[in-house]
Structures are given as structure tokens and as C-alpha cells.
Amino acid sequence: SLMIPFFLSIRYFSRERMGCLSRYPKVALGLVIIVTKRRWKTLIGRDVRVGACLYADDMDRLVRFYRDTLGFHTQWNGGDFAEFETASGALSLFMYSRKAFAQAIGESYVPPKGINQTFEIALWLPCFADVDAEYERLDELGARFPAGAPTTYPFGIRNFYVADPEGNLLEIGSMSET
């Protein structure tokens with residue numbers, strides 16, 4: 001059945017492309033809603049691809065950590081934005097300069113101090129042995145482990161946590177013993 005006869009499509013435009021909004025300093029990003037006829041389909045849940053963005057004070061340092069230490073491939077060659085290739089597809093992991101982001105939204109940003117306790121990014125490996133091997137590899141590279149060595153929990157996950165150079169927390173784990 002046709003519950004709602006219109007599909008809303010949200011498009012991003014920069015302040016420059018949204019000339020009519022450029023006179024308002026607090027409006028940095030413009031969203032245009034385009035309505036077209038389509039069958040209703042929920043945009044929430046398992047059909048949605050999720051991406052995680054890290055805001056970086058020092059793009060060069062953070063890109064080096066994710067590229068050189070964790071092994072994520074990127075085409076980044078400087079600038080305020082970096083995307084990393086993952087098995088989850090395009091824009092599943094990316095970073096953006098904190099300074100540029102704060103300017104884009106017309107706000108000041110105060111970065112967290114120490115370990116960022118507002119979120120984590122989970123990196124799932126095939127099996128428990130891979131978790132242990134990655135822990136050993138990162139330990140040899142001098143990574144910070146806020147919770148220590150890998151732990152296996154009663155609910156079936158083996159993991160450990162590593163902090164990136166700006167205090168963002170990464171959970172590296174697996175749900176499979178073999």
C-alpha cells in the first residue's frame with residue numbers, strides 16, 4: 001500500500017551555492033528537500049549505510065595514525081577532509097578538520113580532553129586469534145590501551161580498546177572464537 005505518496009530527498013549545498021543564505025553568518029550548510037513521487041520506504045534501520053566521522057585537530061597526525069598504524073588506505077594528500085577505504089564502503093570512515101567544521105556550522109568547538117567518552121568506533125575482526133594478533137602488533141607500535149589487554153566477555157565478544165592520538169576510542173574485537 002502507498003502510505004505516503006512522496007519521497008523526500010535531502011541534498012547538501014555549501015553556503016556559496018545557497019547564495020540566498022550567505023547573508024546569514026550562522027548558516028553554513030544548506031539542506032534542500034526535494035519531493036518526488038515514490039513508494040514509501042523507511043530510511044531507518046538495516047537499509048541505511050552508516051558512516052563515522054572523526055573531527056581532527058591535527059589532520060596530518062590523525063591521518064598518519066589511521067593510515068600507517070591501523071592500515072586504512074586513503075587517497076588523502078592534505079586538506080581538511082580524508083576518507084578511508086573499508087569493507088563497509090564509501091564514506092564509512094572519514095575525518096574532517098575540527099577548525100573547518102566549527103567554521104562551517106558557525107560555532108566554536110572545544111575538543112575533548114583525554115579519552116573521548118562520547119563515542120567509539122568498533123573494528124570487527126574475523127576471530128579471537130586476530131584480536132590477539134592485532135593487540136600484539138599495535139603494542140609493538142606503542143599504541144595506548146586504556147583498558148589493557150584483550151578480554152573475552154560472557155556475551156561472546158573478545159576485544160580491547162585503543163586510543164588514537166586525539167583520544168578517540170577504537171574497540172577492536174571479534175564475535176567468533178574460530
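The values are calculated or read from the model by the stated rules, or taken from the named source; none is laboratory data. Keep in mind that what you see is a predicted model, and the values were worked out from it rather than measured. All Cβ positions, even for glycine, are placed from backbone atoms using ideal geometry, and neighbour counts span all protein chains on display. Ligands, DNA and RNA are stripped out before the accessible areas are found, and what is left, the full protein with its side chains, is counted by its heavy atoms. Shrake-Rupley method; radii C 1.70, N 1.55, O 1.52, S 1.80 Å.
Some points to look at:
- Inside the range 60-71, residues that are open to solvent by 20 Å² or more (accessible area, probe 1.4 Å) and either within 10 Å of Ala82 (Cα to Cα) or part of a helix (DSSP H, G or I) (or both) make up a count of 7.
- Just one of (1) of a type outside the set (A, V, I, L, M); (2) without any contact (Cβ under 8 Å) to a residue 60 or more places away in the chain; (3) closer than 14 Å to Leu54 by Cβ fails for Tyr66. It is (2).
- Verdict on Asn168 being touching a residue at least 60 places away in the same chain (Cβ under 8 Å) and open to solvent by less than 70 Å² (accessible area, probe 1.4 Å): yes
One line per residue, one yes/no per condition, for (1) surrounded by 15 or more Cβ atoms within 10 Å (Cβ to Cβ); (2) part of a loop (DSSP other than H, G, I, E, B); (3) at pLDDT 90 or above:
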| position | (1), (2), (3) |
| --- | --- |
| Gly89 | no, yes, no |
| Met95 | yes, no, yes |
| Phe101 | yes, no, yes |
| Ala104 | yes, no, yes |
| Tyr109 | no, yes, no |
| Gly114 | no, yes, yes |
| Ala122 | no, no, yes |
| Glu134 | yes, no, yes |
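- Here Glu83 qualifies as free of Cβ contacts under 8 Å to residues at least 24 places away in the same chain and among the acidic types (Asp, Glu).
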